[in-house]
Amino acid sequence: MSTNRGFVVERWTRLSIASSIAAVALLVVLALAPLLFAANIVDSLTTLFIYLILSVMWNALAGYAGLVSVGQQAFFGLGAYFAIQFSYYGISVYPALLLGAVAAGLLSLPISMLMLRLRSGEFAIGMWVVAELAHLLVALDPLINGETGVSMIALNAISPDDRRAYNYWMALVAMVGLLAVVFALLRGRLGAAVQAIRDDEDAAQSVGVRVLAGKRTIFLLAAFGCALAGSLWLGTSITFQPRTYFGIQWTAYMIFMVLVGGLGTFEGPILGGVIFFLIEYLFGETGVWYLVGLGAAAIVFALFLPRGLWGTIEERFGIRILPVGYSLRMFRSDFPPGGGAAAPDPQPSIKPGVAANESKAPPPVELG
Amino acid sequence: MIWVTQLLNGVLLGGYYALLACGLSFMFGVMRIINLAHGDFAILSACLVFLIANTTDISPFIALVVVLPLMALIGWGLQRWMLERSLRAGMLVPLLTTFGLAIVIENGLFEYFGADTRSLAPYIGDFAYDSWAITGNVYIGYLAALIFALAVVLLGGLKLFLTYTSLGRAIRATAEDSDTAALVGINARAVYGIAAAIAVATAGLAGVFLAMRAVFTPYSGPEQLIFAFEAVVIGGIGSLSGTLVGGIVLGVAQTFGAQINPQGFLITGHVVFLVVLAGRLALTGLRGRGGIQGLLARQP
């Protein structure tokens, strides 16, 4: 450092440490919720967690790997469908729900082999075709009774109170677990790799990022996550109707949550999920106008606030709640404080304090 | 004999798919945008014609004279106010905005027209079901034949337009490289506006014929988008003559599928689409997707 100004790369800011502690405290409270809160609050929170799973999964696909899918309802429906199958063949309820999601996740591997070769718009509609086909094939299964659907009868054997608590805990564990996985992946090499792919696939490939492997990891994760959301939804609603589970509205919800919260940010989809949950609670009764509003909001956000509410807040104030990226902090001494490594070649265009990982593609790394 | 009839029906249905897919293919070729609201524009146009036919005595064919320019205008506005901004924000944003638009159109139509299944067939009289008898029990419907002929004329006309007119050359130049086209004095903004107008107007035309030969609801749009997309991909993306072939393959697959099983109509169509896709990727990898620039940009 020849000048007396430089940058340190930091991951943990004071705010992100404080908020991480707060997140852990919140989790403890949430874990005890079925013992503390009224039944309708517990049910609402379960629904919220399922929305958050969907939102975070869709963001991992579109915001990080650049894969805009309008067919994630394929996995939502298949997760629930396989859970019914497992339950029908005698596996007890909650393991069946989990296994259903695992089975749908495994099925996504052969699907990925075809779909990931398509680019942007073709991938989007290709996934939609997959969802339609899954819907039609599931409805052919005599077990499902066509569009009439079927109930997961084994769920009725559990008392409503117990069922509520189990659903809640399973949804909570699923949400926290999936968030943790996404968090870990995005902090690691894969996070840098897939963002490089999203920003410029050919350039990423040329510097040695294994494009297909990176996309596939995210695709499988998102398929499993959406399938788990579907089987959890089955756990709360008991009935399975193909039209509902394979409906395009799930994609509309996911796009809305992610766009409003902040595409390509870690915290954004969580914020978007909470907002969607509140909007549904307030306006869900208005039916069709509510859907028109969701679509219109998605357009407005995509055009005018492409980084969503969270991305905008983050950009303006330079705050980071969770340490998922790196920040560059400017300092004014000859040596970096605390022995921290100085950024090797700070880009002059990067403003101090602004997260480096979303506004600019990080240096692509080879995937391990 | 039933198979001959089905084959014929499938080919004629393919004409409808080609008509439907033409605008989708064209817009993708010129602007690299897959318009996820394509099917909903078709249904919007059908609803408008239905509104005119239902409230006045005007024939749907004459109503088209009013509705098609309106659809073209909508397409132009779509480009000016939505797609242009979306395109600047990256490759993924047009998908998000057109998906949002699809949700708005579908549900807006539902709010206005309700969930009823409708058809324009009652408004075109005998034409909806009259047919030529080819042999004792093989018939060709007037309407199906008209749609097929229209698809051929439209696709052929579009190709001639792109090849031989100066506006067509400007469109191809812009599709190839809009920056360079701008350097030689082509107004890329106007070209995109015209391309979007053509695409949405042809979608509207297809929607009206859908409404004449079958039934529709406000939520029929997504299915039409998927059919159009399948026809485009089967025929080779961006290739206008390929679109006709793709439509026919899809139509024949669907009618044969329906002959095997009542549910088979949709399933067979989707399966054929996926098989063609897998086959093409296996044979040629990513580079073989050529068609995009193919007929639009390359000198034929």
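The values are calculated or read from the model by the stated rules, or taken from the named source; none is laboratory data. Here the structure is a predicted model, which is why all the values come from computation and not from measurement. Don't worry about glycine lacking a Cβ; one is built from the backbone with ideal geometry, like all the others, and counts go over all protein chains shown. Quick note on the areas: whole protein, heavy atoms, side chains included, nothing else; ligands and nucleic acids left out. Shrake-Rupley method; radii C 1.70, N 1.55, O 1.52, S 1.80 Å.
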Is it the case, given these coordinates, that B:Ala231 is over 27 Å from B:Glu84 (Cα atoms), modelled with pLDDT of 90 or more and assigned to a helix (DSSP H, G or I)? no
Options B:Ile62, B:Ile74, B:Ile52, B:Ile34; residue that is within 14 Å of another protein chain (Cβ to nearest Cβ), open to solvent by 10 Å² or more (accessible area, probe 1.4 Å) and not hydroxyl-bearing (Ser, Thr, Tyr): B:Ile34
Of residues in the stretch B:131-161 being farther than 22 Å from B:Gly207 by Cα and modelled with pLDDT of 90 or more, the one surrounded by the most Cβ atoms within 10 Å (Cβ to Cβ): B:Phe161
Is there any pair linking a residue in the stretch B:97-126 that is within 28 Å of A:Leu305 (Cβ to Cβ) to one that is part of a loop (DSSP other than H, G, I, E, B) and open to solvent by 20 Å² or more (accessible area, probe 1.4 Å), with Cβ under 6 Å and at least six apart or on different chains, and which? B:Glu106/B:Tyr219
Going through A:Thr236, A:Thr217, A:Thr265 one at a time, which residue ends up being closer than 28 Å to A:Leu118 by Cβ and part of a helix (DSSP H, G or I)? A:Thr217
How many residues, within the stretch B:218-250, are within 13 Å of another protein chain (Cβ to nearest Cβ) and among the β-branched types (Val, Ile, Thr)? 5
Report the residue count in the stretch A:184-196 for those that are touching a Leu at 6+ places or on another chain (Cβ under 9 Å) and open to solvent by less than 50 Å² (accessible area, probe 1.4 Å). 7
Can you name every residue in the stretch B:211-247 that is open to solvent by 10 Å² or more (accessible area, probe 1.4 Å) and closer than 20 Å to B:Tyr142 by Cα? B:Arg213, B:Ala214, B:Val215, B:Leu244
Considering B:Leu24, B:Leu87, which residue is within 14 Å of chain A (Cβ to nearest Cβ) and open to solvent by less than 10 Å² (accessible area, probe 1.4 Å)? B:Leu24
Do we find a residue being open to solvent by less than 10 Å² (accessible area, probe 1.4 Å), without any contact (Cβ under 8 Å) to a residue 40 or more places away in the chain and over 20 Å from the mean Cα position of the chain (by Cα) anywhere in the stretch B:172-187? yes
Just to be sure I understand the filter: pairs with C-beta atoms under 6 Å, separated by 6 or more residues or on different chains, first member in the stretch A:210-234 and acidic (Asp, Glu), second member assigned to a helix (DSSP H, G or I). Which pairs pass? none
Report the residue count in the stretch A:268-303 for those that are touching a residue at least 60 places away in the same chain (Cβ under 8 Å) and either open to solvent by less than 20 Å² (accessible area, probe 1.4 Å) or polar (S, T, N, Q) (or both). 5
